[in-house]
Amino acid sequence: MTAFALEVENLSKVYGDRGGILGRRKEPQRALDGLSFRVARGTIFGLLGPNGAGKTTTLKILTTLRRPSSGSAKIEGFDVVSQSLEVRKRISLVLQETAVELFLSVRDNLLTYARFHGVDSREAAKRADEVMTLFELRPESERKVQDLSGGFKRRVQVAKAFLIQTPVLFLDEFSTGMDPILKRSVMDALRKEAARGRTIVLTTQILNEAEELCEDILILNKGREIARGNLNTLKLLSQTAYEIVMTFETLPQGIQEEIAKLNPLHVSIEGNTVEFGLKTGEIQALDAAATLARKGRVLRVEIGGASLEDVFVELTQKTPPAV
Amino acid sequence: MSAISAMLYREAKIRATNVIFVFWDFFYPLCYLLVFGVGVSAALGTPASIPGVDYNSFFLAGVLGMASFGIASNSSWSFFMDRDNGIFYEMLTYPMSRTDYLLGKVAFNLLIALAQGMITLALGAWLLRIPLRFDLFPILFAAIVVGTSGWFFFYTIFALRIRRNDVFNSVTSALYFVFLLASSMFYPLDPLPKVFRIVGMANPITWQVDLMRYGTIGFGDPHTLLLEAAAFTAFTLICFAIAVRSLNEE
């Protein structure tokens, strides 16, 4: 048995839209271009990228909704094309678009979903109560979903994924429409699921979420991998490894020359505040701040690492165009 | 099997929330039998080309065919509802094959069609005194089961390949008109002009209704019926294969 929950090998997808029953074919569009990666079991894996990067296409192939044009993908060792039913037995998916049974009650939505996944009715009723508590859906349990707000519909949709225990859970922009408090509790629940060995694959454009949740991140652009690793590894890919901001009581003589000796990536001075970026290690960044602090009385010091957003913007803006 | 029963459960739950569907599935064909059929029977009496069979008895099979066709058409429209709810694509990731998906949907249609058929037969016998041939009921029920399945798979192909609800509605309305009127549902084909007769004989609704007519009142030529049964079974299997393929291409 493989140690990987996901194994993707040279995956490509070219869309040639058929445009309806009599529609003409449109120009082919390459959505994925030789993508390869593996994800270890029990990992929270983030698939990031700007609009049109290929995240949703990747997710659709991995969840058997689309066939790849070439290459292969396996979930828990099962091929998504030739063993699609085995794959479907091992996954659950929260789509980006709301996907609920509008005419059924909240409870019936959950029970119907559980029935499709082979959970017996007594167990399903118990689990439905648990997830309704987690998602604060109990007061709405008997209401038809069509009568609920968009945020509550989203809760019902995400709650379904917690009702069953498939080894791999795919979440496409899961927090859309969720309030910050619920989002926190869902993120905690996702961490617990991963700690129990469940592999969680999430796509998001909200980089704070990925920063907080993901242990392993792949950044896609134009259908290709442009970076891969954990948060720290990715931050080192940024030109701006540390951003230092210091405010002095009065700007010391020769401070610009001192900063220049550190080979900064950029420098700006405004009033008594200097701001500069260093591509260096943590200790060196602290040393640099300490050296400058000896030149004059310091009122404020801030040292921050590059955020995932910095890395994301920097990397996605310098990707070469797809061939 | 559990996937099929889960789908059947889901379809039943949803259909039960919409009384308009119940009207269309159960009572619309009955209105035809009890209003249109009785009216034509009173006005025109026994059709000249089928001596000894009154119009109510002749039309009973037409009503059963209409119900089967209508139930299949209504159910195929549910693909659009599922798309609108966003649940369609999520369901395609559930642990079931595309074949199970379609069989689960058709299983619910069959229950509705059989229940509707029983009501129609009971009212036909009780109110219109139609002399039913109970010994031929196995043929009738087979025609309901295979017929409803065939029409559901036929409409499924259109529902999956046409992305727009309004286009689908136009297509189904046109098909409803052509299939029902150019068939032996409302009148015998023999007295019709040759062109209409040929079109009617090539229409799968005619095949199904002729079998139902034999299954209700024992009217029909066994050799022709055998051919029609084989043709309708082939039609159903071909539509099923294309529907599964269409679902795989989603």
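The C-alpha atoms of chain A define a longest principal axis, and helix A:150-163 lies at about 70 degrees to it.
Angle between the Cα long axis of helix B:98-127 and the longest principal axis of chain B, 0 to 90 degrees, nearest 10? It works out to around 30 degrees. Principal axis extents of the Cα atoms in the range A:239-305, from largest to smallest and rounded to whole angstrom, are 29, 17, 17. Across peptide A:108-119, the average count of Cβ atoms from other chains found within 10 Å of a residue's Cβ is 5.
In terms of packing, defined here as the mean over residues of other Cβ atoms within 10 angstrom, the peptides A:244-251, B:83-90 line up highest first as B:83-90, A:244-251.
Counting Cβ atoms of other protein chains within 10 Å of each residue's Cβ and taking the mean over peptide B:95-106 gives 2. Rounded to 0.05, the FRET efficiency of the B:Arg83 and A:Asp79 pair, given R0 = 30 Å and the Cβ-Cβ distance, is 0.60. Taken over the C-alpha atoms, the protein assembly as shown has Rg and Dmax values of 32.3, 119 angstrom. Taking every DSSP bridge with both residues inside the range A:4-235, close to 55 percent are antiparallel.
Relative to the longest principal axis of the C-alpha atoms of chain A, give the angle of the C-alpha long axis of helix A:282-293, reported between 0 and 90° and rounded to the nearest 10°. The two axes meet at around 40 degrees. Partners of A:Lys144 within straight-line reach, counting aspartates and glutamates whose Cα lies under 15 Å from its Cα and excluding those fewer than 8 residues away in the same chain: A:Glu101, A:Asp108.
As a rough footprinting exposure proxy, the listed residues B:Val40, A:Val145 were ranked by other beta carbons within 10 Å of their own, and the order from fewest upward is B:Val40, A:Val145.
Any chance you could tell me what percent of the C-alpha pair distances in the range B:91-166 go past 18 Å? So the pairs more than 18 Å apart make up 55 percent of the total in the range B:91-166. Take peptide B:2-15, look around each residue's Cβ out to 10 angstrom, count Cβ atoms belonging to other protein chains, and average those counts. For this peptide, the per-residue mean of nearby foreign Cβ atoms is 4.
Over the protein assembly as shown, what is the percentage of antiparallel beta bridges among all DSSP beta bridges, to the nearest 5? The antiparallel fraction comes to roughly 70 percent. For the cross-link pairs A:Lys89/B:Lys105; A:Lys13/B:Lys13; A:Lys126/A:Lys153; A:Lys126/B:Lys13, the ones whose C-alpha atoms lie over 29 Å apart are A:Lys13/B:Lys13.
Dividing the summed -39500 (n - 2.57) terms of all DSSP H runs of n ≥ 4 by the residue count of the protein assembly as shown sets its mean residue ellipticity at 222 nm at -16500 deg cm²/dmol.
Values in this text are rule-based calculations from the coordinates and carry no lab data. Values in this document were obtained by computation on a predicted structure and should not be read as measured data. Note that we place each Cβ from the backbone using ideal geometry, even for glycine, and neighbour counts take in every protein chain shown.
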